[in-house]
1. Any residue that is among the charged types (D, E, K, R) and not in a helix (DSSP H, G or I) - is there at least one of those in the range 41-53?
2. Whether any residue in the range 235-249 is among the aliphatic types (A, V, I, L, M), over 30 Å from PRO53 (Cβ atoms), surrounded by fewer than 24 Cβ atoms within 10 Å (Cβ to Cβ) and in contact (Cβ under 8 Å) with a residue 24 or more places away in the chain is what I want to check.
3. Can you tell which of ILE224, ILE231, ILE274 is under 21 Å from PRO163 (Cα atoms), β-branched (Val, Ile, Thr) and assigned to a helix (DSSP H, G or I)?
4. Quick one: in the range 3-34, which of the residues that are without any contact (Cβ under 8 Å) to a residue 12 or more places away in the chain and assigned to a loop (DSSP other than H, G, I, E, B) is surrounded by the most Cβ atoms within 10 Å (Cβ to Cβ)?
5. Please state which one of ILE159, ILE170, ILE111 is β-branched (Val, Ile, Thr) and in contact with a strand residue (DSSP E or B) (Cβ under 6 Å, 6 or more places away or on another chain).
6. Out of all the residues in the range 51-61, is one or more at pLDDT 95 or above, buried (at least 22 other Cβ atoms within 10 Å of the Cβ) and in contact with a strand residue (DSSP E or B) (Cβ under 7 Å, 6 or more places away or on another chain)?
7. Across the range 73-96, which residue is farthest from VAL150 (Cα to Cα) among those that are assigned to a loop (DSSP other than H, G, I, E, B) and modelled with pLDDT under 95?
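The values are calculated or read from the model by the stated rules, or taken from the named source; none is laboratory data. The model shown is predicted, which means the values in this text are computed figures rather than measured ones. Counting neighbours? That spans all protein chains shown, and the Cβs are built from the backbone with ideal geometry, glycine included.
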Amino acid sequence: MNLTQKIKNITFQNPILLASGTYGFGLKFTKVINQTGGIVTKTITFNPLIGNPPPRIYEIEGGIINSVGLENPGAVYFSKRVLSNLKNLTTNLIVSVGGESGEEMIKVIKILDNQLISAYELNLSCPNIKAGGILLGQEPRMVEKILKEVKNNTKKPIIAKIPTTLCNPIEIAKAVENGGGDFVTITNTIPGLVIDVERQKPFLGGVIGGISGTFLKHYSLYLIAKIKKIIKIPIIGCGGIKNYRDVLEYLFCGAMLVEIGTLNLQNPFGVVKIIKDLKKWVKKNKLKDLKEIIGKIEI
């Protein structure tokens, strides 16, 4: 039995996606990437961004706090210099799009729209910048407006990666659906602060960072189990996945796909084992289709 699903006219060979930023733009580790359901690139903005000053990463038990700051070469460079080098990808290429407004995101998409791209993921929830994504994603009416505007400017499926802090994530997910979004990703990192006791100052160069890792899983599972009851669009689960059992928990709670992030930074080949183990579990339990277990748990 294979793990293939066709969702919104996109064929995913398995439910494993590589979360934004963890494999850069997909130029390296191609053999690993091609074994997954797809890769989400680093976030692309209209203009190049240099990101936050160092230090950018702080390791915590079971995860990291990052303050990269959306460093990227900009939409024009990505379109002309990067996309042409991704022709060896045989899996889905999902481009993460960021910006300080819906208008900026539309400008990015108009530059990038390319047959190599399977879908776009709108970064509405990056907590390590002072303006942009997280502000856009905290207000339901603004989220709905952005989704409608973006959908009017591309025929490709739109994924919205939403924030879950300082807002009502259930209302935000519903706004994504109302705006015509095709998928919603739950959840991104949450804001965190690291203090350097010796210097008596914040440790990270960008001051605020995004916390990711294993502890996010149970919060994300709870949100997905709740949100799946009020929306009909597919949910992509994200947060703290380190093995195939974590993937199954997300599927049980209602996610159709998952994104794996922090694990990729710790072990770039970890997803390969997860996929193999997931196939073994599915075969052992004699499943014919993943839909047999998706959303099985109700709360």
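1. We begin by selecting, within the range 41-53, every residue among the charged types (D, E, K, R); these are 42.
Going one step further and asking which of them are not in a helix (DSSP H, G or I), we end up with 42.
Looking for residues that are among the charged types (D, E, K, R) and not in a helix (DSSP H, G or I), one finds at least one in the range 41-53, hence yes.
2. yes
3. Working: ILE231 fails: assigned to a helix (DSSP H, G or I); ILE274 fails: under 21 Å from PRO163 (Cα atoms).
Of ILE224, ILE231, ILE274, the one residue that is under 21 Å from PRO163 (Cα atoms), β-branched (Val, Ile, Thr) and assigned to a helix (DSSP H, G or I) is ILE224.
4. THR4
5. Values: ILE170 fails: in contact with a strand residue (DSSP E or B) (Cβ under 6 Å, 6 or more places away or on another chain); ILE111 fails: in contact with a strand residue (DSSP E or B) (Cβ under 6 Å, 6 or more places away or on another chain).
Just a single option satisfies the conditions, and that option is ILE159.
6. Scanning the range 51-61 turns up no residue that is at pLDDT 95 or above, buried (at least 22 other Cβ atoms within 10 Å of the Cβ) and in contact with a strand residue (DSSP E or B) (Cβ under 7 Å, 6 or more places away or on another chain).
7. Restricting attention to the range 73-96, the residues satisfying the condition of being assigned to a loop (DSSP other than H, G, I, E, B) are 73-74, 87-91.
In the following step, the residues that additionally are modelled with pLDDT under 95 were identified as 87-88.
Working: LYS87: 26, ASN88: 28 Å.
Once the filter is applied, the top-ranked residue is ASN88.
The rows are residues; the columns are (1) out of contact with any strand residue (DSSP E or B) (no Cβ under 8 Å at 6 or more places or on another chain); (2) at pLDDT 95 or above; (3) aliphatic (A, V, I, L, M).
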position: LYS174; (1), (2), (3): yes, yes, no
position: PHE183; (1), (2), (3): no, yes, no
position: ILE186; (1), (2), (3): no, yes, yes
position: THR189; (1), (2), (3): no, no, no
position: GLY192; (1), (2), (3): no, no, no
position: GLY205; (1), (2), (3): yes, yes, no
position: ILE227; (1), (2), (3): no, yes, yes
position: PRO234; (1), (2), (3): no, yes, no
